[in-house]
C-alpha cells in the first residue's frame with residue numbers, strides 16, 4: 001500500500017503500517033492534535049477503506065512474523081469491533097450526505113405546506129404563467145437532487161457492507177474462539193478482563209512455585225546437605241556393611257579353629273593308635289572332612305560375596321554416586337542462579353530440570369537397594385533382604401520376584 005493512499009494522519013513516511021498498532025491505524029484521530037479537537041471531522045468512506053487496507057498490511061506482516069510489537073488477537077478483534085460499531089453501524093455525524101438529505105426533507109415539507117395553502121386560498125389562483133413555469137422548474141430540480149442523493153446513499157451502503165465483510169475476513173484470521181468474532185465491543189472487553197485475571201492467577205501460582213524452588217536450592221547450596229531420606233538410607237547401608245564384615249571375621253575364625261582341629265586329629269592318627277580307636281578316629285575324621293569341605297565352600301562363598309560387596313561399596317559406592325550426583329546438581333543449580341539475562345520462566349524451567357536429575361538419582365539408589373536385597377537373599381539373610389527390597393519398592397523399583405516375597409511376608 002502506497003503512503004500517498006493512506007489517510008492524512010497516516011501519510012507520515014516514518015509511520016509504517018506493518019509496525020503501527022491496529023488502534024492507531026483504525027482511529028488516527030485519537031492521537032496528536034486531532035485528539036484535542038472538540039469536533040473531529042467524520043471520515044469519508046475512502047478514508048475508512050484506506051484505514052482497513054493499512055490494517056490488512058499490518059495483519060499480513062504479523063502472519064509472516066515481520067510485524068512490530070506484539071498485539072494480542074483479542075485486542076485486535078476489540079479494535080475492529082469498535083470500528084464497526086462507530087463507523088459501519090451508525091450514521092456519521094455531520095456528513096455531507098446527511099446534510100443534503102436533511103435539506104431535501106425540509107424543502108419537501110415547505111413545498112407541501114405551500115401547496116396546501118394554494119388549495120385553501122382560491123383567491124391566489126390568478127397567478128401568472130411565468131411564475132407557474134418557475135414553480136415546475138424548481139420541483140424538477142428537487143426531484144433530480146433527491147434521486148442523486150438516494151443513489152449516493154445506496155452507494156455508501158454498499159461500501160459500508162464491503163468494509164464490514166473485509167473486517168470479518170480480518171477477524172477470521174485471528175486465533176480466537178469463533179463466537180467472539182461477531183461479539184460486540186462490550187463482550188470483548190469482558191473477555192479480555194477474564195483472560196487478564198487468568199493470567200494474573202497463573203502468574204501468582206508460578207511465583208509461589210518459584211519461591212519454593214528457591215528455598216530448596218538454598219538448602220542444596222550447603223555442601224554437607226543431604227536429603228534426610230537419603231541420609232537414612234546411607235546410614236542403614238553402612239550399618240549393614242559393618243555387620244557383614246563382622247560375620248565374615250567370625251566365619252574366618254571358625255574356619256581356622258576347624259583347620260587346627262583337623263591337623264590335631266591327623267597327627268593323632270599318624271602316631272599309631274589301636275585299630276578300634278583308629279577306625280573311630282577315621283570315621284570321625286571323615287565326618288570332620290565333610291564338615292570342613294562344606295565350611296570351606298561356605299567360607300569361599302562368603303569371601304567372594306564380601307569382596308563383591310566391598311568393591312560395590314568402595315569403587316561403586318551408592319554413597320559416592322549419590323554425593324557425586326548431588327554435587328553435580330548443586331554446581332549446575334549455582335551456575336543457573338549466577339547466570340545473567342535469564343527470565344523468571346527460564347530460571348524455573350532450568351531448576352526443574354535439576355530437580356528431575358535428583359529424582360533420577362533416587363531411581364539409581366532404588367536399584368542399588370534392590371541389588372543389595374537380592375545379595376542378602378542369596379546369603380540366606382531373608383529378613384535383611386526383605387527390608388532392602390521393601391525400601392527399593394518405595395523408591396520406585398518394581399520386580400515380580402521381590403513383590404512375591406513381600407506379599408508372602410505380608411500374608412504370613
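From 215, 180, 196, grab the single residue that is assigned to a helix (DSSP H, G or I), modelled with pLDDT of 85 or more and exposed (fewer than 15 other Cβ atoms within 10 Å of the Cβ). Explain how you work it out, then say what you get.
Details: 215 fails: modelled with pLDDT of 85 or more; 180 fails: exposed (fewer than 15 other Cβ atoms within 10 Å of the Cβ).
Answer to the check: 196.
Kindly provide the set of residues from segment 335-352 that are at pLDDT 70 or above and surrounded by 14 or more Cβ atoms within 10 Å (Cβ to Cβ), ordered by number.
Initial filter on segment 335-352 (at pLDDT 70 or above): 335, 345-346, 348-352.
Listed by number, the residues that qualify are 348, 350, 351.
Within segment 32-48, can you find the residues that are part of a helix (DSSP H, G or I) and either surrounded by 17 or more Cβ atoms within 10 Å (Cβ to Cβ) or at pLDDT below 75 (or both)?
Let us first name the residues in segment 32-48 that are part of a helix (DSSP H, G or I), namely 32-36, 45-48.
Correct list: 32, 33, 34, 35, 36, 45, 47, 48.
Applying the selection to segment 1-30, what residues are closer than 19 Å to residue 79 by Cα and modelled with pLDDT under 65?
Matches in segment 1-30: 6, 7, 9, 10.
Would you confirm whether or not segment 298-306 contains a residue that is out of contact with any helix residue (DSSP H, G or I) (no Cβ under 9 Å at 6 or more places or on another chain), at pLDDT 70 or above and either on the phi < 0 side of the Ramachandran plot or in a loop (DSSP other than H, G, I, E, B) (or both)? Steps first, please.
Residues of segment 298-306 that are out of contact with any helix residue (DSSP H, G or I) (no Cβ under 9 Å at 6 or more places or on another chain), as a first pass: 300, 304.
Subsequent filtering for residues that are at pLDDT 70 or above retains 300, 304.
Subsequent filtering for residues that are either on the phi < 0 side of the Ramachandran plot or in a loop (DSSP other than H, G, I, E, B) (or both) retains 300, 304.
Yes; the residues of segment 298-306 include at least one that is out of contact with any helix residue (DSSP H, G or I) (no Cβ under 9 Å at 6 or more places or on another chain), at pLDDT 70 or above and either on the phi < 0 side of the Ramachandran plot or in a loop (DSSP other than H, G, I, E, B) (or both).
Would you confirm, using the coordinates I've provided, whether residue 76 is crowded, with 16+ Cβ neighbours inside 10 Å, assigned to a helix (DSSP H, G or I) and modelled with pLDDT under 70? Step through it out loud before you land on a result.
On the way: crowded, with 16+ Cβ neighbours inside 10 Å: yes; assigned to a helix (DSSP H, G or I): yes; modelled with pLDDT under 70: no.
Spelling it out, it is not the case that residue 76 is crowded, with 16+ Cβ neighbours inside 10 Å, assigned to a helix (DSSP H, G or I) and modelled with pLDDT under 70.
Taking residue 69 as meeting all but one of (1) surrounded by 13 or more Cβ atoms within 10 Å (Cβ to Cβ); (2) at pLDDT 75 or above, write down the number of the exception.
(1)
The values are calculated or read from the model by the stated rules, or taken from the named source; none is laboratory data. As the structure is a computational prediction, the values presented were derived from the model and not from experiment. Please note: Cβ atoms are built from the backbone with ideal geometry, for glycine as well, and neighbour counts cover all protein chains shown.
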